[in-house]
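Everything below concerns the one structure shown next.
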Amino acid sequence: MIILSIDTSCDDTCIAILEIKKKKIKVLSNIVSSQVDIHKKYGGVYPSLAKREHEKNLVPVLKQTLQKAHNKKKFKKPDLIAVTIGPGLDPCLWVGLNFAKSLSLVWNIPLIPVNHIEGHILANFLLKTSLNFQKLLPAICLIVSGGHTQLILIKKIGNYKIIGETRDDAAGECFDKTARILGLAYPGGPSIAQEAEQFSISDSQISIKLPRPMIYSKDYDFSFSGLKTAVLYDYKKRSKKIRTSQKYISAMAKEIQQTIIDVLIKKTIKATKDYKIKNIMLGGGVIANKELQRQFKEKIKKEIPNSLLLIPDSNLCTDNAAMIGIAGYLNKNKASKDAQKIKVNSNLRI
Ligand code: KG4
Ligand code: ZN
């Protein structure tokens with residue numbers, strides 16, 4: 001079976017082709033056309049511009065995806081199309097959905113609507129080639145992206161329960177907003193990670209201690225908006241000479257990154273212990289952070305050594321369509337009788 005999948009939920013135009021053969025899954029191509037240079041000057045995603053770029057990009061990205069997947073071999077019509085219908089930016093989602101509807105109509109193949117967050121969860125299954133995914137469940141999954149920070153209990157594929165989530169900003173949003181305060185480029189996560197790497201012990205002359213919001217609360221919720229305010233206060237109280245210095249920026253970047261890492265790890269381990277679950281899955285753009293991955297592995301080994309930690313490859317943590325393809329395949333029984341009636345839902349919940 002060949003699955004063509006599409007995601008235009010935010011500022012990346014993503015199309016992938018997956019092949020399922022003899023109970024094995026293979027990503028034949030996974031193309032992401034990033035709009036980051038366009039949105040950089042606004043310090044965030046500008047929805048009407050993102051929509052226009054998706055409209056321009058979808059056909060060339062489809063061409064590139066098909067070429068890569070078939071590698072000069074004869075074109076094979078897909079058996080199924082999977083498309084993200086939410087959550088995300090409403091105008092962007094509609095562009096992807098309408099493109100998918102046209103292909104489904106012309107090729108006369110089923111169209112499966114996919115929840116973007118389920119895609120981030122199921123990206124973990126692309127680590128394995130075998131389709132025997134149920135053996136990785138139950139699991140606790142931490143999804144951390146630009147719009148979401150959620151802890152999800154997964155009993156079975158399709159059976160998800162949000163046990164905790166952010167009460168205000170998402171962790172990725174916090175990276176993006178604090179990077180902007182420091183004058184760093186969008187997206188803020190990779191910029192802060194890069195600055196944090198520049199930190200050296202001599203920079204510790206600049207002492208910065210940010211609060212760890214809700215780290216000891218009894219629930220599994222998060223809150224990141226206070227962290228952004230704390231960064232702004234610290235920044236404003238420094239002289240211009242200090243706050244624009246490399247030493248200050250790298251010390252602050254390191255502290256922001258460490259604060260977010262501390263809270264995410266603490267709550268995930270607490271949920272894993274409280275629910276007596278063995279497997280932990282991570283997903284979403286923030287999980288691409290290498291320091292976060294290193295500390296997750298270290299803490300889990302120390303505190304819950306019998307656990308299995310799954311982390312998708314970095315290009316499968318950030319937005320991509322391969323994750324939508326696997327989610328579409330696992331939801332193939334949900335094919336709508338009338339694909340043309342499918343609608344987007346920008347606030348779709350898991
Ligand atoms: O999942 P994603 O690609 O898109 C959404 O669905 O939102 O996540 C994007 C978020 C952005 O906030 C970005 O700053 C963050 O992921 N991000 C990172 C890193 N790479 C991307 N945050 C921290 N470290 C990174 N290396
Ligand atoms: Zn995402």
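The values are calculated or read from the model by the stated rules, or taken from the named source; none is laboratory data. On a predicted model such as this, the values are computed, not experimentally measured, just so you know. No Cβ is skipped: glycine too gets one built from the backbone with ideal geometry, and neighbour counts run over all protein chains shown.
Worth a mention:
- Among residues of the range 283-310 being more than 12 Å from ligand 2 (Cβ to nearest atom) and in contact (Cβ under 8 Å) with a residue 60 or more places away in the chain, the one that is farthest from the chain's Cα centre (by Cα) is L308.
- Beta carbons closer than 9 Å, at least 6 apart along the sequence or on distinct chains, never pair a first residue in the range 197-209 that is at positive phi with a second that is in a helix (DSSP H, G or I) and surrounded by 10 or more Cβ atoms within 10 Å (Cβ to Cβ).
- Each residue in the range 165-203 was checked for being over 25 Å from K241 (Cβ atoms), under 17 Å from the mean Cα position of the chain (by Cα) and of a type outside the set (A, V, I, L, M), and 12 of them qualify.
- Checking S239 against (1) more than 22 Å from the chain's Cα centre (by Cα); (2) within 16 Å of ligand 2 (Cβ to nearest atom), the condition it does not meet: (2)
- Residue within the range 10-28 that is buried (at least 24 other Cβ atoms within 10 Å of the Cβ), among the small types (G, A, S) and within 19 Å of the chain's Cα centre (by Cα) present: yes
- S130, sole failed condition from (1) at pLDDT 95 or above; (2) not assigned by TED's automatic domain parsing to the domain that holds I162: (1)
- Residue count for the range 148-162 satisfying the condition of being surrounded by fewer than 18 Cβ atoms within 10 Å (Cβ to Cβ) and not in a loop (DSSP other than H, G, I, E, B): 5.
Yes/no matrix, rows are residues, columns are (1) of a type outside the set (D, E, K, R); (2) part of a helix (DSSP H, G or I); (3) touching a strand residue (DSSP E or B) at 6+ places or on another chain (Cβ under 7 Å); (4) at negative phi:
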site: L4; (1), (2), (3), (4): yes, no, yes, yes
site: I17; (1), (2), (3), (4): yes, no, yes, yes
site: S29; (1), (2), (3), (4): yes, no, yes, yes
site: V32; (1), (2), (3), (4): yes, no, yes, yes
site: D37; (1), (2), (3), (4): no, yes, no, yes
site: Q64; (1), (2), (3), (4): yes, yes, yes, yes
site: K68; (1), (2), (3), (4): no, yes, yes, yes
site: K77; (1), (2), (3), (4): no, no, no, yes
site: T84; (1), (2), (3), (4): yes, no, yes, yes
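- Condition check for K276: surrounded by fewer than 17 Cβ atoms within 10 Å (Cβ to Cβ), at pLDDT 95 or above and within 16 Å of ligand 1 (Cβ to nearest atom): no
- Meets criteria (part of a helix (DSSP H, G or I), modelled with pLDDT of 95 or more and surrounded by fewer than 16 Cβ atoms within 10 Å (Cβ to Cβ)) for K56: yes
- Residue within the range 122-132 that is within 14 Å of ligand 2 (Cβ to nearest atom) and not polar (S, T, N, Q) present: yes
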